[in-house]
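Below is one structure; the comments refer to it alone.
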Amino acid sequence: MWHKVVTSATLVAVAGVALLAGWWLYDIGKVRGVIELKSLRTQQAVQEKRNRKLAKDNKVLREQLAILERSSQIDRKAAQDVKDDLGQLEMELQAAREEIEFYRGIVAPGDVQSGLRIHRFSLESGTGVGEYHYDLVLTQLKRNDRYVTGVVDWKVAGLMLGEPGELALAGITHPAVKQLKFRFRYFQELAGSITLPEGFVPEKVILEVIPDGKSKLPSVRQAFDWYASGS
């Protein structure tokens with residue numbers, strides 16, 4: 001009888017500890033989520049402030065350029081310098097606007113459908129023969145109250161010695177990487193390098209974002225035309 005009482009008390013104690021531990025982990029996750037969201041909003045505010053400054057500088061440069069072009073004694077070099085500065089400033093302004101839209105889409109996505117998204121994918125030529133650097137940004141909209149984990153499957157479609165073919169990620173990475181792994185709540189950037197074999201002409205990159213079963217999110221498959229800046 002005494003043994004049964006001790007066993008019951010032990011079970012109750014274990015259940016109580018498990019319940020407290022579960023509540024503690026949930027509370028920590030909730031606090032981390034608030035901190036991460038606050039950080040994203042801060043980054044968005046910084047980008048918006050930078051955007052306003054760039055727009056103001058842009059206006060000043062345009063006014064200077066107009067004065068130089070109207071002057072009877074035009075300083076050609078000064079006018080060209082202002083034009084160059086204006087072009088660079090407009091590129092920075094566009095980049096700032098894109099960053100603002102990126103953060104706004106995560107913090108306040110509006111009426112867009114929830115789930116995983118491929119926010120950005122780009123390629124840049126490397127220094128070696130057939131070498132390219134990739135930059136992939138994944139986002140999770142509306143459901144970012146929890147972490148999502150999974151893998152990204154890669155395929156590069158093109159022509160190998162004139163014949164259609166596909167290359168898997170494992171065949172173009174060193175050391176070989178079969179799939180890219182991800183784990184994030186709001187967004188994650190995945191970057192690295194690939195090397196295409198000699199004689200292969202790339203045409204498309206086919207990406208498939210596959211979340212694990214616990215996420216209960218559909219996979220995302222998207223094809224990108226091959227374009228590498230700097231090539």
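Just so it is clear, none of the values below were taken in a lab; they were calculated from the coordinates. Because the structure is a prediction, the values reported are computed rather than measured. Because the Cβ atoms are built from the backbone with ideal geometry, glycine has one as well, and the counts that use them run over all protein chains shown.
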| Quick one: what Rg and Dmax do you get for segment 115-229 from the alpha carbons, in Å? | 14.8, 48
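In the structure displayed, which of K56/K77; K53/K77; K49/K178; K49/K83 lie more than 31 Å apart, Cα to Cα? Display every interim value, and only then the final one.
On the way: K56/K77 23 Å; K53/K77 26 Å; K49/K178 41 Å; K49/K83 24 Å.
Checking Cα-Cα distances, K49/K178 exceed 31 Å.
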| message | Please compute the length gained on full extension between A223 and S122, using 0.36 nm multiplied by the number of residues separating them and subtracting their Cα-Cα distance. | response | 35.2 nm
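Taking 0.36 nm per residue of separation and subtracting the Cα-Cα distance, what length does fully extending A66 through R146 add? Each step should come with its number before you reach the end.
Details: separation 80, 0.36 × 80 = 28.80 nm, distance 5.27 nm.
Answer, rounded to one decimal: 23.5 nm.
If we count every other residue with Cβ under 13 angstrom of L180's Cβ, Lys/Arg +1 and Asp/Glu -1, where does the sum land?
0
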